Amino acid sequence: MKLKLDFVSNSSSTSFVYISDDELTEEVFLRAAGVDRDGPVGDLFSQMFYEISTSLQQYGEQITTKIAADKFSGSHEFTPEVIEKMKVAIDQGKRVITSTLSSDGSLAELVLCMAMFEIDSDHFYINAYNNYW
C-alpha cells in the first residue's frame, strides 16, 4: 500500500444559470429558499447568497442569444429543459447569466457544490443540477 502524505486536492465545481429581470438580493433569495435570516440556518444561507451573488458578478457570463444558449446543448452543464428555459427567458428580455461555484471556497460554497439545487421563485430562477465531485 502507498500513502500520499502531502496535500491532496479533490476539487469540485458546479455550473449554474441565473434567470431574472433583476439583480439577486439577499432578501429575495432567503424568501425563495424559505429561510428566516434569524433562524438556525440563516447565516449559512446568507453566506450561500453571498457566494452565488459574488460568482455572478465576478465570473458570470451573460447569455444574450438563443444561439449562445444552444451552445450548451450536448454538454454536461445544463439539461435540455434548462437550455429551453434560457431561450424563453432571452425572448422575454430577462437576464440569463451562467457562472460556477467551487468546492475550494468557503463552507457555504462547498455545500452548494455538493448538492444539486434549483430555485424557481416569482423573482428569479437558479438551476445547478450538474455537479462534479
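Remarks
- Flag for SER20 being in contact (Cβ under 8 Å) with a residue 24 or more places away in the chain, within 13 Å of ASN127 (Cβ to Cβ), of a type in the set (Gly, Ala, Ser) and out of contact with any helix residue (DSSP H, G or I) (no Cβ under 8 Å at 6 or more places or on another chain): yes
- Residue ID - farthest from GLU23 (Cα to Cα), chosen from residues in region 84-112 that are β-branched (Val, Ile, Thr) and modelled with pLDDT of 95 or more: VAL88
- Here is the figure for region 63-89: residues that are without any contact (Cβ under 8 Å) to a residue 40 or more places away in the chain and closer than 18 Å to HIS123 by Cβ total 1.
- Within region 30-53, if we keep just the residues that are within 22 Å of ALA89 (Cβ to Cβ) and without any contact (Cβ under 8 Å) to a residue 40 or more places away in the chain, the residue that is surrounded by the most Cβ atoms within 10 Å (Cβ to Cβ) turns out to be PHE49.
- Enumeration of residues in region 57-88 that are in a helix (DSSP H, G or I) and among the β-branched types (Val, Ile, Thr): ILE67, VAL82, ILE83, VAL88
- Cross-chain or 6+ apart pairs with Cβ under 9 Å, region 112-125 first and under 15 Å from GLN92 (Cα atoms) and in contact (Cβ under 8 Å) with a residue 60 or more places away in the chain, then in a loop (DSSP other than H, G, I, E, B) and among the polar types (S, T, N, Q): HIS123/THR25
- Screening region 7-29 for residues that are at pLDDT 95 or above and of a type in the set (Val, Ile, Thr) and picking the one that is surrounded by the most Cβ atoms within 10 Å (Cβ to Cβ) gives VAL17.
The values are calculated or read from the model by the stated rules, or taken from the named source; none is laboratory data. These numbers come from a predicted model, not from an experiment. When we count neighbours, we look across all protein chains shown, and the Cβ atoms used for this are built from the backbone with ideal geometry, even at glycine.
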